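Everything on this sheet refers to the single structure shown next.
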Amino acid sequence: MTAAEVHKHTQADLAHLIHPLYHPSAHQSPKIWVEGHGAVLKDIEGNEYIDGLSCLWNVNVGHGRRELAEAAMEQMSTLAYASAYTGSTNLPAIRLAEKLSELAYPSINTFFFTSGGAEATESSFKTARFYWKAVGKPDKVKIISRMRAYHGVTMAAMSATGIPAYWPMFEPRVPGFIHIESPYPYRFVNKTPEVSDGVAAANLLEEAILREGPETVAAFIAEPVQGAGGVIVPQDDYFPRIREICDKYEVLLIADEVITGFGRTGRWFALEHYGIEPDIVQFAKGITSGYVPLGGIGVSDRIKEAIDSVSVDRRWMHAYTYSGHPTCCAVALANIGIIEREGLVQRAEVLGARLLSGLQSLLEIECVGDVRGKGLMAAVELVADQATKEPFPAEAGVGQKVFNELVKRGVYTRFLGDQILFAPPLVTTEEQIDRIVQALRESIEAAV
């Protein structure tokens with residue numbers, strides 16, 4: 001395609017599209033993606049890049065899977081869409097819910113489908129409030145989340161998200177949302193050294209519950225690994241203590257597994273690493289590998305019992321037009337089939353260890369402060385001083401410079417400040433993993 005044609009498409013985009021997180025100054029020369037195969041993306045000019053973040057953490061089975069296109073075509077040819085409001089259902093939705101009951105936590109056997117992660121977050125919050133009203137504790141309405149958390153940017157979801165850059169132009173946030181500090185092992189300061197860092201970070205939840213009043217707190221929402229906030233992997237004893245605290249004060253635990261679900265961390269769902277179960281699990285992204293929009297929540301058996309036992313006038317009055325969308329559910333089933341047949345959950349664990357080991361070799365570079373990861377999620381944090389962990393000044397734009405160098409070397413991913421984030425598809429080859437590491441090494445040396 002000629003430069004003039006590319007320019008024409010770019011100008012049409014600028015004239016007619018508003019993109020997520022939009023400002024025109026950051027969109028004058030956008031990548032126009034036209035093709036993808038495996039772990040590789042191709043732009044309109046024919047340049048190829050390793051997809052270092054599975055686009056947005058979601059293309060788990062890789063690009064160009066004909067099985068998923070065929071599943072969509074077959075379902076669309078039979079029944080593309082039908083309402084799944086109470087009184088109606090469809091076979092793909094039934095089969096997907098049944099399959100998820102086999103894969104999810106043992107106490108979670110019932111599911112509600114949405115179009116994506118933010119809708120799943122909203123559904124979790126409403127379900128938590130519903131539950132406490134159903135069991136006679138209507139004042140339990142507050143939601144506690146964490147700084148560096150990302151739970152979506154619809155109004156309630158944004159109010160739980162703990163990345164302040166998302167807030168200012170949409171204030172005021174929804175009342176009743178409280179944030180505590182992230183466990184963030186690289187920078188967490190333990191003010192109670194008689195206990196471990198993980199327990200100290202978890203105890204911040206107990207302090208917040210007691211400040212607000214346990215009788216007012218409905219739920220605590222947490223990503224097992226904080227993704228968009230910097231791939232923050234908690235201490236091993238963090239979530240077991242969180243579960244204890246939630247049980248002690250009758251607070252529901254919502255696991256936001258929109259990123260971590262469906263094999264990303266080397267388990268089907270990531271709280272399996274820590275030996276606990278949530279009361280609500282929310283998911284999206286990897287359930288269809290991004291081929292069609294689908295998300296949802298799974299609820300514990302006790303929450304399902306509450307939904308089933310209320311009187312008709314107090315029913316669970318929550319809905320989305322596209323809940324249980326037959327085509328999306330059919331694609332999800334085909335996607336899960338690929339993950340199972342190709343052993344991609346186990347592959348994420350093995351490839352993730354290779355990626356993390358490779359990235360840890362970069363710690364010999366003076367400005368590499370921290371390397372962290374879980375399965376095929378990883379981050380490299382760059383600092384001005386390795387010993388003191390002093391960050392680079394924001395105006396230095398180090399993360400942007402490293403990103404630009406990565407693009408030159410054929411790797412496309414995302415950065416947060418001076419943290420370079422990776423979550424490649426679960427089908428990425430060992431050679432591509434090694435190329436990511438080498439490209440990052442070269443990019444840091446060129447940019448810093």
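Of all residues in segment 305-349, those satisfying the criterion of being touching a Ser or Thr at 6+ places or on another chain (Cβ under 6 Å) and under 14 Å from residue 113 (Cα atoms) are 320, 322, 331, 332.
Kindly provide the set of residues from segment 42-55 that are under 15 Å from residue 428 (Cα atoms) and either under 22 Å from the mean Cα position of the chain (by Cα) or of a type outside the set (D, E, K, R) (or both), ordered by number. It would help to see each step written out before you state the result.
Taking segment 42-55 first, the residues under 15 Å from residue 428 (Cα atoms) are 48-55.
49, 50, 51, 52, 53, 54, 55 - these are the residues of segment 42-55 that are under 15 Å from residue 428 (Cα atoms) and either under 22 Å from the mean Cα position of the chain (by Cα) or of a type outside the set (D, E, K, R) (or both).
Going through segment 408-442 one residue at a time, which ones are under 28 Å from residue 65 (Cβ atoms) and part of a strand (DSSP E or B)? Across segment 408-442, the qualifying residues are 411, 412, 414, 415, 420, 421, 422. Screening segment 399-416 for residues that are free of Cβ contacts under 8 Å to residues at least 40 places away in the same chain and not hydrophobic (A, V, I, L, M, F, W, C) and picking the one that is nearest to residue 343 (Cα to Cα) gives 409. Against the test of being among the aliphatic types (A, V, I, L, M) and under 30 Å from residue 6 (Cα atoms), the options 100, 96, 68 yield a single qualifying residue, 68.
Evaluation of residue 193 against the conditions (1) modelled with pLDDT under 95; (2) on the phi > 0 side of the Ramachandran plot shows that the sole unmet condition is (2). Hey, could you check segment 122-178 for residues that are of a type in the set (Asp, Glu) and surrounded by fewer than 17 Cβ atoms within 10 Å (Cβ to Cβ) and say which is farthest from residue 205 (Cα to Cα)? If we take residues in segment 122-178 being of a type in the set (Asp, Glu) and surrounded by fewer than 17 Cβ atoms within 10 Å (Cβ to Cβ), then 171 is farthest from residue 205 (Cα to Cα). A count restricted to segment 310-362 and to residues that are out of contact with any strand residue (DSSP E or B) (no Cβ under 9 Å at 6 or more places or on another chain), among the hydroxyl-bearing types (Ser, Thr, Tyr) and outside any helix (DSSP H, G or I) stands at 2.
Just name the residue that is nearest to the chain's Cα centre (by Cα) out of those in segment 425-448 that are closer than 18 Å to residue 342 by Cβ and of a type in the set (A, V, I, L, M, F, W, C). Checking each candidate, the answer is 426. Please work out if residue 78 is in contact with an Asp or Glu (Cβ under 7 Å, 6 or more places away or on another chain), surrounded by fewer than 19 Cβ atoms within 10 Å (Cβ to Cβ), more than 20 Å from residue 270 (Cα to Cα) and among the hydroxyl-bearing types (Ser, Thr, Tyr). Spelling it out, it is not the case that residue 78 is in contact with an Asp or Glu (Cβ under 7 Å, 6 or more places away or on another chain), surrounded by fewer than 19 Cβ atoms within 10 Å (Cβ to Cβ), more than 20 Å from residue 270 (Cα to Cα) and among the hydroxyl-bearing types (Ser, Thr, Tyr). Of the helices (runs of 4 or more DSSP H) contained entirely in segment 60-168, those carrying at least 1 residues that are of a type in the set (Lys, Arg) fall at 66-79, 91-103, 117-134. Contact annotation: residue pairs with Cβ atoms under 6 Å, 6 or more positions apart or on different chains, pairing a residue in segment 375-392 that is surrounded by 17 or more Cβ atoms within 10 Å (Cβ to Cβ) with a partner that is of a type in the set (Phe, Trp, Tyr), are 378/422; 384/392. The set of residues from segment 15-36 being in contact with a His (Cβ under 8 Å, 6 or more places away or on another chain) and surrounded by fewer than 13 Cβ atoms within 10 Å (Cβ to Cβ) comprises just one member, 19. Take the residues in segment 250-274 that are free of Cβ contacts under 8 Å to residues at least 40 places away in the same chain and in contact with a Lys or Arg (Cβ under 9 Å, 6 or more places away or on another chain), then tell me which one is surrounded by the fewest Cβ atoms within 10 Å (Cβ to Cβ). Step by step, filter segment 250-274, then rank; the result is 253. Taken over segment 386-409, residues that are touching a Gly at 6+ places or on another chain (Cβ under 8 Å) and more than 20 Å from residue 41 (Cβ to Cβ) amount to 5.
Of a type outside the set (Val, Ile, Thr), surrounded by 12 or more Cβ atoms within 10 Å (Cβ to Cβ) and at pLDDT 95 or above, is that true of residue 91? Yes: the conditions hold for residue 91. Scanning segment 169-219 for residues being in a loop (DSSP other than H, G, I, E, B) and under 23 Å from residue 133 (Cβ atoms) gives a total of 5. Residue 297 fulfils the conditions (1) assigned to a strand (DSSP E or B); (2) outside the structural domain of residue 127 (by TED's automatic domain parsing) except for a single criterion, (2). When you go through 405, 366, 395 one by one, which is the residue that is in a helix (DSSP H, G or I) and over 27 Å from the mean Cα position of the chain (by Cα)? After ruling out the rest, the residue left standing is 395.
The values are calculated or read from the model by the stated rules, or taken from the named source; none is laboratory data. This one's a predicted model, so the numbers in the text were calculated from it and none came from an experiment. Note that we place each Cβ from the backbone using ideal geometry, even for glycine, and neighbour counts take in every protein chain shown.
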